[in-house]
Amino acid sequence: MALLKKGEKTAESQELGSAESYSGHLLEVDNLKMHFHTKDGIVKAVDGVSYTLDRGETLGIVGESGSGKSVTAMTIMGLIKMPPGKIEGGDVRYKGKSILNLPEEKMRKLRGNDIAMIFQDPMSSLNPVYKIGDQVGEGLRIHKGYSKKEAKEAAIKLLDLVGIPNPSVRVNEYPHQFSGGMRQRVMIAMALACNPDIIIADEPTTALDVTIQAQILELMVEMQEKNGNAIIMITHDLGVVANMADKIMVMYAGAPVEYGSAEEIFYESHHPYTWGLIQSIPEQKMDEKKRLTPIKGNPPSLVDVPKGCSFSPRCPYAQAVCFDKRPEALYVGEGHYCTCHFALDNDFANKFRPKSSRSGDTEFATGEQEHVEGRA
Amino acid sequence: MLKYILKRILQFIPVFIGVTVILFALTNIVPGDPIKLIAGEKSLAPEVELQLRAANHLIKVDDQGLPIFDENGNTIPESTVAQYGYYISDLLHGDLGESYQKKVPVLDIFKDKYPYTIRLAAVAIVIEIIVGIGAGMISAIKRYSFWDVLVTLSTSILVAMPAFWLGMLLQLFFGIKLKEWTGGGFYMPMSGAGGAVSEFQSWMHYILPAITLASVSTAYAARIMRSQLLETLNMDYIRTAIAKGLNSRQVILKHALKNALIPVVTYIGIDFGSMLSGAILTETVFNWPGIGYEIYRAITMRDWPVVMGGVTLVVVVVLVISLIVDISYAFLDPRIRYGNKKEN
Ligand SMILES: Nc1ncnc2c1ncn2[C@@H]1O[C@H](COP(=O)(O)OP(=O)(O)OP(=O)(O)O)[C@@H](O)[C@H]1O
Ligand code: SF4
Ligand SMILES: [Mg+2]
C-alpha cells in the first residue's frame, strides 16, 4: 500500500521477526482452548482450535451462531476479558512467537498494527462522537507516530482506497452521516491503515443487505491483492467464503469439525456437518429449483457438550459409537482433517456426501484452482 | 444551528406568558388588600391611599395618572385584564415594581442579592463537576474496588440526607465543634457572605453553603457518571478502539468519556439552572443573602412584587440555561447537531 514503504514497521514487529526473515507460518493457532467460567458452569467456547495462516492467504471460519468463531478471533487479539475467560491450553504464534502470554503493552503494539480486526456491526462499531477521519487515522497516530495533519491526509487516501466518494469532505463527517455499507468500508479503511499482516473480519457483511455484502467482499479481496495481507474471514454462511477463501475451517460447538482447502471442503468434504452447511447455501441460480436443506435441531449448550461426537444429537448418520466416543481429528488428505468416526470411510462419504453441492458454479472451481496454483 | 437557537428563543414566549399569567392569578387569588400590605401597621390618609391605588393600577386613571371617578364620586376598579396588561408592560420595560415592605424597586433588590446566589452556585457547580464526575469515573474504572464501594455508599447517604440537615451538621462540626476543639484557633464561617466586619476571608464563607448546595446533586452526578461510563465501556466502538491498539487510558479518556459525559452534562447543566434559581433551603440555613432567601422572605411577608419579580427572573434564567445546555449537548453529540441533514 502506498502509505507505507516496505520495511517501515515498528521496532516491535521487527523484534517479532519480519516476514521476510521468518519462513514459517504467519500465524499458527495450535489446539487453542478458551473457556469461560460462569456461574452456570464452564462454557467451553473454544475447545481445541488449530489452523495456520500464511501471508496473502484467506482462511474462512464457518459455523453456526454460538460455535465460538468470535471468541477464537478475540482470543488471538487478546480482547477476551479474563476472567471470566481463561486460556485452558494451546498456543497462538505470530511469526513463530507465542503472543498468548505477551504483556499487555506489547500486545497493544500488535493490535491494529500487525493484526487488525473488522467487526460485525458497522453501525455500532464506530464511535458516534468522533469524526470518521480521526477514527481512521487514529491507528497511524499511535502506531506510526503520524501528526494530526499526516493522519488526516492518510485517512483521506484510505477512504478513497476503499471506494468512499468525495473522501476529503467525508473525512470530516460523523458516523451517523454514513450508510451501513459505507461504514463497513470505513471499518475496512481503519483496519488497513497500518498495513497489518492479518485482517480478521468477524462477519463483516452480516448486518448488510445482499448487494452491499457482495461489494464489501469484493473490496476485501481487492485490498488483499494490493496489500498482500492475510485474511481470516469469519462467517456463518459458507457461501460468503466460497469465492474468496483458500482454506476453510468448519467449526461446531467450539471446535473444528473439518479443516481443509476450499475445494476440499466444497467437493471432498467428509463431515456430515459440513454437508449440512453446503446444503443450506442458498443457490444463486434460480433455474435449478433446488430445495434448501436446513440442519435440523440446535447446537448443544457449550456448558454441557454431548459426551461423544458433539454433532451426534443432530447427525442423521450417527451410530452407537458416536454417542459414546469423541471422534479424533483424522487426516483424510494432506492438511485436510475431519473429526468424524467415519472420516476415513470412503464409502460413507461417497454414499452421503451431497452431489457436487455447487454444481454449475464453474467460476468458483476454475478461479480457485488458478489461485491455489499461483501461490504454490 | 442558528435557526434552532432562534426557534428555541421564540418558544420562550408562550412559556413566559404562561408563567406571568399564573403568577398574576396567584397573587390575585391570595386574600389581602395590597394597599394594606404596603401600609403595614400604619393607617393611611385617604388621599395617600387613593394615590397608591392609582399608582398600582388598582383603579382607573386618566392620562396624568389621576384617578377617574364615576358619577357618584367613587373610584372605578381597574379590570383584571387591564391590570395584567399594565403588569406585563411594566415587566417588559424592566420595571418589576416596588417592594411592599422595603419600599425600594424590586429590580434593585435582586441586583443586590443575585450576585451572592450566582457566586454560591458557581462554587457549588465546580464542586459538583470535579467531585461528581471524578468520583463517578473512579468508581466505574475501578469497579467493585474499595473506592467504588466508598463512592456508592456515600452517594446513597448523601441522596437520602436532606440538604438543610447536612448544612446544619456542617455548621455544627466545622463552625462550632471545630472551634471548641481547636480552642478557637480554626473554624469555618457559618453564615452570611462575609462583609466588612467579618474576620474571615470572604471566600471561606462559600465553603460550607456550597458543599451543602452541591451535596445531593454531586451524588447524583457521580452515580450518573458511573453508570454511563460502565455502559459506554461495553459498547462495540470501545472494542474497536481497543482492537486498534489504544491503551486503557486512551480508550477511556478519548473514546468512552465524551460519550458517557453527554447525560452528565445535561444533568449538571439543568442543576446549575436550579441553583441559579436560588437555593431556598441552603440560603435559609446559612442566612445567605441570595435570591432564594429573599424570595422566601417575600413569600412569608406577602411581598408580592418581590415574589413575582423573583420568580419571573428565575424562569428567565432557567430558560436561558436550558438553551445553553441544549447547545452544549449538540456540541458533544454530533448526531443531534440541530439542523444537520442525514446524508447517504
Ligand atoms: N464473556 C463471556 N462469558 C460467557 N460466555 C461467553 C462469553 N463470550 C462468549 N461466550 C459464549 O461463547 C460461545 C461462543 O460465542 P461466539 O461469540 O464465539 O460465537 P460465534 O460463533 O461468534 O456466534 P455468532 O455467529 O452468533 O457471532 C457462546 O455460547 C457464548 O455464549
Ligand atoms: S462422528 Fe458420528 S455423529 Fe459425529 S459427525 Fe460423524 S457420523 Fe455424525
Ligand atoms: Mg460472532
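As a summary of the residue check, A:ALA116 satisfies the conditions (1) in a strand (DSSP E or B); (2) more than 14 Å from every other protein chain (Cβ to nearest Cβ); (3) away from ligand 3 (no atom under 16 Å from the Cβ) except for the one numbered (2).
May I ask you to list the residues in the range B:132-157 that are of a type in the set (Val, Ile, Thr) and surrounded by fewer than 18 Cβ atoms within 10 Å (Cβ to Cβ)? Hits for the range B:132-157 are B:VAL149, B:THR152, B:ILE157.
For the range A:268-282, state whether one or more residues are away from chain B (no Cβ under 14 Å), modelled with pLDDT under 85 and within 12 Å of ligand 2 (Cβ to nearest atom). No, the conditions are met nowhere in the range A:268-282.
Suppose we filter the range A:236-281 for residues that are part of a helix (DSSP H, G or I) and touching a helix residue (DSSP H, G or I) at 6+ places or on another chain (Cβ under 9 Å); how many remain? Steps first, answer last, please.
Narrowing the range A:236-281 to residues part of a helix (DSSP H, G or I): A:238-242, A:262-267, A:272-279.
Retained after the next criterion (residues that are touching a helix residue (DSSP H, G or I) at 6+ places or on another chain (Cβ under 9 Å)): A:238, A:240-242, A:262-263, A:265-267, A:272, A:274-275, A:277-278.
So the count comes out to 14.
Pull up the range A:323-337, narrow it to residues that are of a type in the set (A, V, I, L, M, F, W, C) and in contact with a Phe, Trp or Tyr (Cβ under 8 Å, 6 or more places away or on another chain), then point me to the one that is nearest to ligand 1 (Cβ to nearest atom). Full working, then the answer.
Step one: list which residues in the range A:323-337 are of a type in the set (A, V, I, L, M, F, W, C), which gives A:323, A:329-330, A:332.
Now drop any that are not in contact with a Phe, Trp or Tyr (Cβ under 8 Å, 6 or more places away or on another chain), which leaves A:329-330.
Values: A:ALA329: 19, A:LEU330: 24 Å.
Ranking the candidates gives A:ALA329 first.
When each of A:SER13, A:SER21 is tested for being assigned to a helix (DSSP H, G or I), farther than 17 Å from A:MET249 by Cα and at pLDDT below 90, the lone residue that passes is A:SER13. Number of residues in the range B:283-305 that are more than 19 Å from B:GLY97 (Cβ to Cβ) and out of contact with any Gly (no Cβ under 6 Å at 6 or more places or on another chain): the value is 5. Regarding the range B:215-228, can at least one residue be identified that is out of contact with any Lys or Arg (no Cβ under 6 Å at 6 or more places or on another chain) and either within 14 Å of chain A (Cβ to nearest Cβ) or not in a helix (DSSP H, G or I) (or both)? Yes; the residues of the range B:215-228 include at least one that is out of contact with any Lys or Arg (no Cβ under 6 Å at 6 or more places or on another chain) and either within 14 Å of chain A (Cβ to nearest Cβ) or not in a helix (DSSP H, G or I) (or both). In the range A:100-118, how many residues are at pLDDT below 90 and either within 16 Å of ligand 1 (Cβ to nearest atom) or under 19 Å from A:VAL46 (Cα atoms) (or both)? Qualifying residue count, the range A:100-118: 2. Here A:PHE311 does not qualify as more than 16 Å from ligand 3 (Cβ to nearest atom) and in contact with a Lys or Arg (Cβ under 7 Å, 6 or more places away or on another chain).
Considering only residues in the range A:132-183 that are over 18 Å from A:PRO122 (Cβ atoms) and not in a helix (DSSP H, G or I), the one that is farthest from the other protein chains (Cβ to nearest Cβ) turns out to be A:SER147.
Among the residues of the range B:57-76, none qualifies, meaning not one is basic (Lys, Arg) and closer than 23 Å to B:GLY292 by Cβ.
If you go through the range A:101-113, how many residues are farther than 19 Å from A:ILE156 by Cα and assigned to a loop (DSSP other than H, G, I, E, B)? Working first, answer last.
Pass one, the range A:101-113, residues farther than 19 Å from A:ILE156 by Cα: A:101-111.
Filter once more, so that each one left must be assigned to a loop (DSSP other than H, G, I, E, B): A:101-103.
Total meeting the criteria: 3.
Answer yes if at least one residue in the range B:119-131 is outside any helix (DSSP H, G or I), of a type in the set (D, E, K, R), touching a residue at least 40 places away in the same chain (Cβ under 8 Å) and surrounded by 14 or more Cβ atoms within 10 Å (Cβ to Cβ), and no otherwise. Checked against the condition, which is being outside any helix (DSSP H, G or I), of a type in the set (D, E, K, R), touching a residue at least 40 places away in the same chain (Cβ under 8 Å) and surrounded by 14 or more Cβ atoms within 10 Å (Cβ to Cβ), the range B:119-131 yields no hits at all. The residues listed here are A:GLY89, A:GLY48; of these, the one that is within 16 Å of ligand 2 (Cβ to nearest atom), over 27 Å from B:ASP236 (Cβ atoms) and part of a strand (DSSP E or B) is A:GLY48.
Taken over the range A:184-196, the residue count meeting the criterion of being within 10 Å of chain B (Cβ to nearest Cβ) and assigned to a helix (DSSP H, G or I) is 3.
Taken over the range A:197-225, the criterion of being assigned to a loop (DSSP other than H, G, I, E, B) and either buried (at least 18 other Cβ atoms within 10 Å of the Cβ) or within 16 Å of ligand 1 (Cβ to nearest atom) (or both) is satisfied by A:ASP197, A:GLU203, A:PRO204, A:THR205, A:THR206, A:ALA207, A:LEU208.
Within the range A:127-178, the set of residues being among the small types (Gly, Ala, Ser) and closer than 20 Å to B:MET235 by Cβ comprises A:GLY139 only.
Taking every residue in the range A:192-216 that is over 30 Å from A:LYS95 (Cα atoms) and pairing it with any residue that is away from ligand 3 (no atom under 16 Å from the Cβ) and outside any loop (DSSP other than H, G, I, E, B), at least 6 positions away or on another chain, the pairs with Cβ-Cβ distances below 6 Å are A:LEU208/A:GLY180; A:LEU208/A:GLY181; A:ILE212/A:GLY181.
Would you check if there is a residue in the range B:65-83 being part of a helix (DSSP H, G or I) and modelled with pLDDT under 75? Even if it seems obvious, please write down each step before you answer.
Within the range B:65-83, the subset part of a helix (DSSP H, G or I) is B:80-83.
From what's left, modelled with pLDDT under 75: none.
No, because not a single residue in the range B:65-83 is part of a helix (DSSP H, G or I) and modelled with pLDDT under 75.
Within the range B:1-20, does at least one residue satisfy the condition of being aliphatic (A, V, I, L, M) and more than 30 Å from B:VAL318 (Cβ to Cβ)? Checking the range B:1-20: not a single residue is aliphatic (A, V, I, L, M) and more than 30 Å from B:VAL318 (Cβ to Cβ).
Out of all the residues in the range A:67-98, which are more than 16 Å from the chain's Cα centre (by Cα) and free of Cβ contacts under 8 Å to residues at least 40 places away in the same chain?
Selection gives A:LYS81, A:MET82, A:SER98.
Checking A:GLU28, A:GLU64 one by one, the residue that is away from chain B (no Cβ under 14 Å) and more than 13 Å from ligand 1 (Cβ to nearest atom) is A:GLU28 and no other. Determine if the range A:232-248 includes at least one residue that is of a type in the set (D, E, K, R) and either more than 25 Å from A:ILE115 (Cα to Cα) or within 16 Å of ligand 3 (Cβ to nearest atom) (or both). Within the range A:232-248, one or more residues are of a type in the set (D, E, K, R) and either more than 25 Å from A:ILE115 (Cα to Cα) or within 16 Å of ligand 3 (Cβ to nearest atom) (or both).
The values are calculated or read from the model by the stated rules, or taken from the named source; none is laboratory data. As the structure is a computational prediction, the values presented were derived from the model and not from experiment. Don't worry about glycine lacking a Cβ; one is built from the backbone with ideal geometry, like all the others, and counts go over all protein chains shown.
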